[in-house]
Structure formats: structure tokens, C-alpha cells
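The values are calculated or read from the model by the stated rules, or taken from the named source; none is laboratory data. Remember, it's a predicted structure, so these values are computed and weren't measured experimentally. Cβ atoms come from the backbone with ideal geometry, glycine included; neighbour counts cover every protein chain shown.
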Amino acid sequence: MSNIDQVLYPGERVEVVGALHWWIFVDAVVMGLICFIVALAFLVPSMGVIGAVLALLVFLMFILDARLNVIGTALTITDRRVIFTFGFIRRHTMELDHAKVEGFTVEQGIIGRMMNFGQVTVTGVGGMSMTIPLVRDPLQFRARTMQCLARTDATPSMGSAAQVGRTG
């Protein structure tokens with residue numbers, strides 16, 4: 001059972017699923033290289049091995065952290081809500097009903113545009129906002145989300161005159 005399956009209402013359908021970009025692993029690779037270079041700089045016969053082992057451990061720690069972020073993050077748009085779930089051990093879930101969504105923005109820097117990732121922010125009524133960095137293909141994610149939100153707006157609500165049977 002995925003993280004998102006635990007927060008869905010009965011009968012709720014998943015419409016759009018987003019994912020984090022592989023760029024999240026770049027920090028781990030850079031830190032691993034820095035640690036390796038530092039270990040080489042102190043290349044004393046006994047310290048070289050210890051430094052290399054420490055560099056490898058730091059590299060693996062950063063890779064594990066990035067992997068847990070990928071596993072623990074769910075970006076989901078259902079037919080009723082926008083749901084962002086974060087965390088592998090300690091979970092944080094933010095939910096916003098479609099009717100409460102005021103804005104959906106994407107920010108991309110130069111590298112983000114070249115590599116096709118960006119920061120997605122959903123703003124809701126009352127100033128609530130949800131921001132996710134490093135979303136893969138954020139413009140496509142926003143477009144599909146906006147289509148889903150538009151379908152929800154076109155659907156009559158439970159108490160509308162069309163469903164109650166009132167005439168104008």
C-alpha cells in the first residue's frame with residue numbers, strides 16, 4: 001500500500017501523479033566527490049584508507065537521504081483534492097480541496113529548464129500554500145492538474161439548483 005492509498009476517501013480516484021526529478025541525487029554525488037578529494041588530499045598511507053572509507057560513508061549517507069525523499073514524497077491530484085505527502089519515517093501530508101485552490105505556480109531556473117524540473121507551489125484560500133522543489137516535468141504536471149481542476153469546476157456541486165431540481 002503506497003502512502004497515498006492511506007489518505008484516499010472511499011470512491012476517490014487518482015487523476016494525476018507527479019514525481020521528484022533525479023536531480024535530487026546531484027547533491028549526494030557532489031558531496032561524495034568533495035569527500036573523496038579531501039581524502040586524497042590527506043593521502044598518508046594509513047589515513048588514505050580511512051579517508052576513502054569515510055568519503056564512501058558520507059556519499060552513501062547522502063544517496064540514502066535523497067532516496068528516502070523520493071520514496072516518501074507523493075504528489076497526487078485526485079478527482080476531489082490536491083494531496084502532497086512528504087516523509088519516510090515521519091510523514092507530513094497537506095491536502096487541499098479543489099474548490100479551495102486559488103493558484104498553481106511553477107518556478108524554474110536555467111538548470112531546471114534545461115533538465116526539466118522545477119518548484120511547484122499550490123496556493124489555497126486563506127493563504128495556505130504547498131511548495132514542492134525538484135518536481136519532474138512541472139509544466140506538464142501543472143497542465144494536467146489544471147485540466148483536472150477545470151473538470152471539477154464544470155461539475156455541479158451537491159447543492160446546486162441542477163441537482164436539487166429547482167428552476168430559475
ask   = Pairs under 9 Å by beta carbon, first residue farther than 14 Å from Thr85 by Cβ in segment 4-17, partner charged (D, E, K, R) and assigned to a strand (DSSP E or B), six or more apart or different chains?
value = Tyr9/Arg81; Glu12/Arg81
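Restricting to segment 76-97, and then to whatever is among the charged types (D, E, K, R) and outside any strand (DSSP E or B), can you tell me which residue is modelled with the lowest pLDDT?
In this case the residue turns out to be Arg91.
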task = Determine which member of the set Val53, Val26 is part of a helix (DSSP H, G or I), at pLDDT 75 or above and under 30 Å from Arg144 (Cα atoms).
result = Val26
